[in-house]
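Structure first, commentary second.
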Amino acid sequence: MRRHLVLFVRAPQLGVGKRRLAREIGDVATVRFERLMIALLLRRLARDNRWRLRIAVTPDKARHHARHWHRGIEAVGQGGGDLGVRMRRALANCPPGPVVLVGGDIPALSAHHIAAAFRLLGRHDLVFGPAEDGGFWLVGARHPRHLPPLFEQVRWSGPYALADTLAGLPRGVRTAFADRLADVDDSEAYRRLAPRRGF
């Protein structure tokens, strides 16, 4: 079965999304960062034959524009609900086969991280990529159409997101962890990580 990689992003718009970062570096710089990160990740991940990439974007109407971000890439809307509901839907709506989902704010993310996560799914039901701030930058499922209860009662956008997600999993779910990477949610992370990547 074919592997699928989902780039899970918010369409860059002034005054929407990444509000903590925008308060600290400004709306224009935040939108520029979001656009450059999407372009960078598409350049790094889209042409790899080990998986098929699709973009899951919010708001849903942005999927029409997102189709033009990279030729030949399928773009779908995330639908309604909180972050957990939308991520679960993005995983479950992929064709049969292992699926890995990543966000669009991880400057160090490369194809070898994705390949390693898919390898872990060969022996585990779920894989998570822990983020330095207590959240996670990656979630993957071996059988995305038969997901266990996932993302219930999670305190998002804080240091407990990964711990809450793991605490909600039923017993017997085999879980593995990819590399720990940093995402960019505030100006401290932006100043530390973004200059190395040319932002």
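Structure summary
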item	result
Residue in region 136-145 that is touching a Phe, Trp or Tyr at 6+ places or on another chain (Cβ under 6 Å) and open to solvent by 10 Å² or more (accessible area, probe 1.4 Å) present	yes
Cβ pairs under 7 Å, 6+ apart, first in region 138-165 and closer than 21 Å to V99 by Cβ and of a type in the set (G, A, S), second open to solvent by 60 Å² or more (accessible area, probe 1.4 Å) and not in a helix (DSSP H, G or I)	A161/R155
Residues of region 135-161 that turn out to be at positive phi and in contact with a helix residue (DSSP H, G or I) (Cβ under 6 Å, 6 or more places away or on another chain), as a count	1
Test: residue in region 30-44 that is free of Cβ contacts under 8 Å to residues at least 60 places away in the same chain, over 15 Å from the mean Cα position of the chain (by Cα) and more than 16 Å from G104 (Cβ to Cβ)	no
L109 vs. criteria touching a helix residue (DSSP H, G or I) at 6+ places or on another chain (Cβ under 7 Å), open to solvent by less than 40 Å² (accessible area, probe 1.4 Å) and in contact (Cβ under 8 Å) with a residue 24 or more places away in the chain	yes
Long-range neighbours under 7 Å by Cβ, at least six apart or interchain, first residue open to solvent by 10 Å² or more (accessible area, probe 1.4 Å) within region 115-126, second basic (K, R)	H124/R142; H124/R174; D125/R142; D125/R174
Residues (part of a loop (DSSP other than H, G, I, E, B) and out of contact with any Gly (no Cβ under 7 Å at 6 or more places or on another chain)) located in region 159-178	G168, L169, P170, R171, G172, V173, R174
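The values are calculated or read from the model by the stated rules, or taken from the named source; none is laboratory data. Quick caveat, the model's predicted, so the values are computed rather than measured. Positions of Cβ are generated from backbone atoms using ideal geometry, with glycine treated the same way; all protein chains shown enter the neighbour counts. Just so you know, the surface numbers come from the protein's heavy atoms only, side chains and all, with ligands and any DNA or RNA stripped out. Shrake-Rupley method; radii C 1.70, N 1.55, O 1.52, S 1.80 Å.
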